[in-house]
Every structure is written in C-alpha cells, then in structure tokens.
C-alpha cells in the first residue's frame, strides 16, 4: 500500500472545500467541493483516540473523510460540533459521591458536567484508554468519561480505584 | 504392569552398570549406547524386552539377542497403536519389520526412541550434535528427579530475597520466644509472691514485665506481618515473572506439547503452591524447630519425669492421624464424587437446556437432581460419623496424660519436691509444646508438595527454545523469492507432517496451496515463518538460510493470516496496528478498507475504538478474519501468506475479498491456502499437497488436464455446486 494510493482510497477532503450549511439533531447539510448533500451523518472512526477525524455518510455511502474537522471555517465547525455533541453525547464525571453494591450490581452516584446522575454497573465496568482517560460503562451500555482521574478529589479517586 | 510413576521406560545414555547384561558383550569397539527402551510385553504375555539404540545399530534383547539391524539399513521408524498395545515398526532395506510390542504405558518411551531413530536415519542429524543435546536433557532430568536438588534450586532462585527471608524467620522466632515468657513470670508470681506473701515490690515488677512483654510482642507481630506480606508478594512475583518470560521465549512447538490449560496452571497454580509454602510453611519449619528445642529444654529443666509423661500422647496422635489420613481419603473422595455428580447435572441442565426442554426431560432431571442431593447428604453424614470415631480417641489420650501430669505433679507439690508455680508453668508449656510438634509434621508434608510444584515449574524453565536465532543472524531486505529444500517436519517425533517438501517460489509469484485436510499445508507455512524448526531441510529467502535471518526482520516482511484468527483483547484499531505499531489512523482505515472490514467497523458505535473482547469474542468469525487480514496488509509485507482467508466469510463477502486480494497481491509473493478452489482463480501456480508431500504443481487448466488429485478436488466442489443449483432449479419448477 503506497501513500498516494491510500489517500485516493480514503477520499480525503480538503477542509477549505467543505462547508456545513445546516445542522439538524444528528444530520447536517454539507457542501463538498461545490456539491450540496442533504441528510449527511458525520461519524468518528476513532471516537476516543482521534476524535478530530470525521467521515461523512449519506445512508451507506461514504462521502469523504476530514483528517481534522477543527480546520473547517468557524461557522461550519460550530454546526458540525453541535451534531457531534449529540451523536457522541458523553457526560464527563466531575465528582463521585458514592459507590455501593446493590442487588448484584454497583450503584454509582456521580456529578457530571451534564448534572448529577445515578447509574448501575456490573463489576467489570471501567475501561482505561491509552491516554489515561477512563470510561465507565453502565449496565444499560451507557458510557461516562473521566477525563483526568488524577484531578478528581481524593474520595472520588478512592471509589474509582476500588472499582478498577 | 506399568511400574511405578517414575519409571518412564527409557534410559538415555545409560551408564554401563544399567545396561542389560547380555548387551555388554555385544557392543563393538567404538559403539555407544544412545538409549535403551523397555517393553512391558513379550508377545501377548507380560514380560520385558530391551530395545537398544546405539550409534551404529538397533538391537532387540530378550535374555539374548533377538534381532539386530544396522542404522544404515533403516529408512524410517514408526509406531502403530491399538486399543491397549502399540507396535514399533521399521522400514528397512529388506522390507518392513515389526520390532516389538508394548502396552500404552510405554508409548511415551517408544515415541522418544522412534524420534531418536528418525533423527539419525531420516534427519541425518550428526550423531555428535544429537549426543550433546541429549546429554544436556539427561542431566536436567536427573536434577529434577532428586527433590533435594529441586529444593536447593528453588532456594537458589530465591537468593536475591534471602535477606528478607532471613529477617522474616528471625522476627517470627523472636515473637514465639517472647510468647514463652509469661508462664515463667506466672511461676515467679505464684512461687515468690503469692504463696509466700513476701516480696510485694515484685508484684509491680512482674505486672510491668507482663505489660512490656505484651508491648514487645505486639510490635514484633506487626513487623512479622509486614515482612511476611512483603515476602509473600516477592516470592510469587519473582517466580511468575520468570515462568512468564520463559513462555514468551518458547517456540510454538512447546505450546503444542503442553495443553494451554497445563501451561496456564503452571504459571498460576504451581506458583501459588510454592508461594503458600514459602510464606506459610518454610519459615514455620525453623520456628517450630526452635520452639520444640526451647520448650522441650524448659520442660526438662522444670521436671524431667513429668516431661516423659507429657510426651506419651504424641505417638498416639501421630498414629491416629496416619489412620485418619488413610481412611479419610475414602470418605472424602466419595463426598467429592457425589458433589461432582450434582455439578454435572446442573451443568447439563443449563448447557443442554434446549435438548432437555425439547425432549421434555425436565421431570427426569428434577428427579435425578434430588436423588443426587440425598446421596450427597448421606455421604456428608458418613464423613461426620467417621470423624467422630477418630478424634475423640486421640483427644482422650491427651486428656489422660494431662490428668496424669496433674496427679503426679500434684503429689510432688504436696511432698514439696516441686513448687506450685513450677507445676503451673509446666502445664502451660506442655500445651505450648504440642502445637509445634504437629505443625512440624504438617510442614514436612507441604515441603513435599512444594517440591512437586517446583519440579513442574522447572520443567518449563528448563525448556530450550527450539527455534534458535544464530548469533550472527542479520537483517535482510527480502526480495520475495522463497525456496524449500527437502523439508521434513514432525510435531510429536512420531508422525511426519512434512515428508521431503521441495518448493521454489519466484519473487512476486502467487501460489495456491491446496490439498485434503491434514496434508501439511498449514505446517508448511508455519515453517516458512520460522515458527518451527524443521528436523531436516532448509528454507531460504533470496538464497539465504532462514536461520541466518533475524527473526524480527523476517516477521516484519512476511505476513500470515491464519484460519480462525484470534484477536487480542483490545480495540480493533490496536489489533490492526499489530501489523505496524506506528501506523497513522489513515493507514489503519485504508488497511481495513482493503480487507473489507471498514464498513462493518463503522457500523459499531465506537468504530475503530471498539474493544473486541477476549480472543475477539465480540466479533463474528468473518469479522475477525477481516480484521486479521487488515493487520497483515498494514505490514505491506513482501511475502503474504493466507491460510484459508475466506473460510469464515459468506459467499458475497468472499467474492469481494477475493477481488480485493487479486488487486493487493499483484507483484507480491503470495501463498494462499484454500479449500474453496474458486478463491484461487488469480494465482499463477497451484501446488497440490497430499500426506506431507507435494504431488502436483502447475496452472489450473494444466492440472485439470492431468486428471490427478487436483481434478478430483475440483470435481467434488463442482458437484456440490451443481447439486445446489439443480435443487434450486427443481424448487423453481415446483413453485
């Protein structure tokens, strides 16, 4: 596989030739190299490790890939991020108030950037990402992120280490 | 028959004293005995024959020489196995010859012998090399067999933590000794203060001493706990690390030899056993010995006669526990059998739920289960009754001797021969004396158990990687040319999976490897990657012997995708990046696209960051295959080996992947193993293997014309397809 070959395969898009026109929940209307596509869904191939990469899909068809969507013009970027925030909705844990075992599961009471929440997990629920961030997956399959476990207060850290 | 467990039926390089007598006269000048294997049958009767391999001949002895053949006349040795017996046979210049019959207890021994013979006659391995390897093995085995040597070796392994070990023992002994002081203080209290009502100032002194002893004891206890925890972790981690890194070094052939479960249990269970021993029993040996010495001396000083009485119940208790152990095995084994029956019913009812329910067998199962529960209950009660028969009797012996001590001692106190304080101290020490005695007996048993575990660990540590990189091996930029010359290979030393394979692949050539299952295709490609060392023959890349090429260099440039690939328990992205650790995300996506994996990956919410689960269990077989293919393609390898790349794919994806493969393999040396011959439509040459040999070679049409094995395989597949389409057509008419 040679470098130039790859780029053709991937349909890499030049951010200067991409404009996001409108954002609706999980869809955008986007203009790519002069052509307008409606009902386009952006997807992140690496939601945790390279969140800046975005691939545009219309139904099953791949329209192209942005290596770094943050290089779009400010208006487009803002619109795209609005959609990404919905597709990749993920509360950030700010504080853990308590973890206790309840009916074979663990009950977590936490404060997130989206507000306080109580959720239940199985015992193996924490995933450590390469960069040190943590993901907590609850019994319903929802995921909560701990951006910087070291920066949490000591009590929260104690609860986390208990569950790891 | 069968002999004891240690008797493995074969002796390598026996010293002359161990040779069967008639043999000694038969040996010629310069003839050396390589191995003597003993059969356990003579015809259809139990008996013994010696099969002797020397560097020149193979001899069979039964009291006298029965058969002999020079090695130069043997073409190959083999084993045939039946229900209970096996026969060793030779192919010789004078035709086939069955040499000896033996029961399966000796199979291992004769497998070894056959492998040795074949190494010499088929492998043409120089005798001097073989001898060197074998002597090393003999020495290691001898060392493992002596449990003293094993324990010494274990201690040697633990040398770096010797100071810690010593400190733990010293502190623990000190703690026990401090524990001995209070009864002595009580004696002084009774004799010099309480009974005489004098020396009132001593009361305070003794009380303070008791307090001090207690404080020292608490401090030592904490220190002891700290040290033993540290020791505990240090011992286990050191051993585990050693075994684990050895596992990483081993050749794949070792993994084949041990089942994965047994290797697993060596890293985990055996190390645990040693850990328990080192921290639970090893220091206790010293502690108990010290306690017995100190308390014993104190008892004798206090009163030798009473000491003799106090010792009486010990032999009774030892006898009792010996009887107990013998009988307990029966009762507990029965209990355990009953319990496993319960477990097996539950597991059947759950694992085969669909079967049980579809046949309406629930009532039967309920009944069986309740019966087993009752049986278990009965067995449990029997165990209780049995326990009641032994221990009270032993207890009675102790009570009797205790009463005897009070009686005799009491008489002596009354007659003034002994002080009251001494008697009280004596009885306290007496009870303290029993514990270390029995504990020491237990320690000896756990010492034996630890030696067994250590032995199993050393067995792994002693393995030598079979695929050894030569010290002067070098990096080589591969051009893509591969050559196999006269490859012979066996996994078990008995059955040869490859029998003289010769194959030459030009740079950039695409080869299809076909043949019935077990014909040696997968073995051949594993050898190409130098995962195994062939017993005979050479593999060359661009004319360079594979043993002269650095393994890292080879693995960077040759990619292999195995059938039913297993993934690591990490993300999809990282599994693909096994192909190249520094790959950019774009390259990962491109490789996945080429392997037709991208679209299913993008349908997962976490896409490339999805964790695949242990062994890749969260993906389907076809998905795993495509991820593994992406990893191989990411390497951009000079040589690509695909073992049934499309086996786990559905017909549609297979078509897509085949198309993609055709494009990707253009100009790249490629070997594709395939059962579905349609995958092979773009290869330059088809190589047909059967029973470890290459039987046909050529282009697809040419092979069809020739009408050999390839044509048969092709027609069988075609027939399957026609039957399917015929069925489809007739179904169409029926509608």
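Only a single item in (1) more than 9 Å from residue B:631 (Cα to Cα); (2) touching a residue at least 12 places away in the same chain (Cβ under 8 Å); (3) within 12 Å of another protein chain (Cβ to nearest Cβ) is not met by residue B:555, and it is number (3). For region B:606-614, state whether one or more residues are closer than 30 Å to residue B:481 by Cβ, touching a residue at least 24 places away in the same chain (Cβ under 8 Å), more than 10 Å from every other protein chain (Cβ to nearest Cβ) and within 31 Å of the chain's Cα centre (by Cα). No: zero hits. Taking into account only those residues within region B:93-102 that are in a strand (DSSP E or B) and surrounded by fewer than 17 Cβ atoms within 10 Å (Cβ to Cβ), which is farthest from the chain's Cα centre (by Cα)? Taking the candidates together, the pick is B:95. Of the residues in region B:291-299, at least one is over 20 Å from residue B:187 (Cβ atoms) and either crowded, with 16+ Cβ neighbours inside 10 Å or touching a strand residue (DSSP E or B) at 6+ places or on another chain (Cβ under 7 Å) (or both). Going residue by residue through region A:9-28, is there one that turns out to be within 14 Å of chain B (Cβ to nearest Cβ), free of Cβ contacts under 8 Å to residues at least 40 places away in the same chain and either within 19 Å of the chain's Cα centre (by Cα) or within 30 Å of residue B:579 (Cβ to Cβ) (or both)? Yes, that holds for at least one residue. When region B:584-600 is filtered for residues that are facing another protein chain (nearest Cβ under 10 Å) and touching a helix residue (DSSP H, G or I) at 6+ places or on another chain (Cβ under 7 Å), the ones remaining, listed by number, are B:586, B:587, B:588, B:589, B:590, B:591, B:592, B:593, B:594, B:598.
Would you confirm whether any residue within region B:655-666 is within 14 Å of chain A (Cβ to nearest Cβ), assigned to a loop (DSSP other than H, G, I, E, B) and within 30 Å of residue B:476 (Cα to Cα)? The answer is yes; a qualifying residue exists. If you go through region B:630-639 one residue at a time, do you hit one that is more than 22 Å from residue A:11 (Cα to Cα), assigned by TED's automatic domain parsing to the domain that holds residue B:512 and assigned to a helix (DSSP H, G or I)? Scanning region B:630-639, I find at least one residue that is more than 22 Å from residue A:11 (Cα to Cα), assigned by TED's automatic domain parsing to the domain that holds residue B:512 and assigned to a helix (DSSP H, G or I), so the answer is yes.
Annotation: residue B:160 fulfils all but one of (1) in contact with a helix residue (DSSP H, G or I) (Cβ under 7 Å, 6 or more places away or on another chain); (2) closer than 24 Å to residue B:456 by Cα; the unmet one is (1). Only one of the listed residues (A:90, A:163) is within 14 Å of chain B (Cβ to nearest Cβ) and in contact (Cβ under 8 Å) with a residue 40 or more places away in the chain. That residue is A:90.
Of the residues examined, residue B:450 is one that is under 30 Å from residue B:284 (Cα atoms), surrounded by 19 or more Cβ atoms within 10 Å (Cβ to Cβ) and in contact with a helix residue (DSSP H, G or I) (Cβ under 7 Å, 6 or more places away or on another chain).
Scanning region A:78-94 for residues that are assigned to a helix (DSSP H, G or I) and in contact with a strand residue (DSSP E or B) (Cβ under 8 Å, 6 or more places away or on another chain) gives A:79, A:80, A:82, A:83, A:84, A:87.
With respect to (1) more than 29 Å from residue B:575 (Cα to Cα); (2) out of contact with any helix residue (DSSP H, G or I) (no Cβ under 6 Å at 6 or more places or on another chain), the lone exception for residue A:96 is condition (2).
Of everything in region B:157-211 that is in contact (Cβ under 8 Å) with a residue 40 or more places away in the chain and over 55 Å from the mean Cα position of the chain (by Cα), the residue that is farthest from residue B:232 (Cα to Cα) is B:195.
The single condition from (1) loosely packed, with under 15 Cβ neighbours inside 10 Å; (2) free of Cβ contacts under 8 Å to residues at least 60 places away in the same chain that residue B:400 fails is (2).
Remark: residue A:145 falls outside the filter, which requires a residue to be modelled with pLDDT under 95 and touching a helix residue (DSSP H, G or I) at 6+ places or on another chain (Cβ under 6 Å).
In the condition set (1) free of Cβ contacts under 8 Å to residues at least 12 places away in the same chain; (2) within 14 Å of chain B (Cβ to nearest Cβ); (3) not in a loop (DSSP other than H, G, I, E, B), residue A:157 is compliant with all but (2). Looking across B:539, B:505, B:572, B:511, one residue alone is more than 30 Å from residue B:708 (Cα to Cα), in contact (Cβ under 8 Å) with a residue 40 or more places away in the chain and in the same structural domain as residue B:636 (by TED's automatic domain parsing). It is B:572.
Here is a yes/no grid of residues against (1) surrounded by 12 or more Cβ atoms within 10 Å (Cβ to Cβ); (2) within 24 Å of residue B:192 (Cα to Cα):
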position	(1), (2)
B:405	yes, yes
B:414	no, yes
B:424	yes, yes
B:434	yes, no
B:438	yes, no
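If the condition is being touching a residue at least 60 places away in the same chain (Cβ under 8 Å) and either closer than 17 Å to residue A:24 by Cβ or more than 11 Å from chain B (Cβ to nearest Cβ) (or both), then region A:35-80 contributes only A:80.
The values are calculated or read from the model by the stated rules, or taken from the named source; none is laboratory data. Keep in mind that this is a model prediction, so the values were computed, not measured. Heads up, the Cβs are rebuilt from the backbone with ideal geometry, glycines too, and the neighbour counts pull from every protein chain shown.
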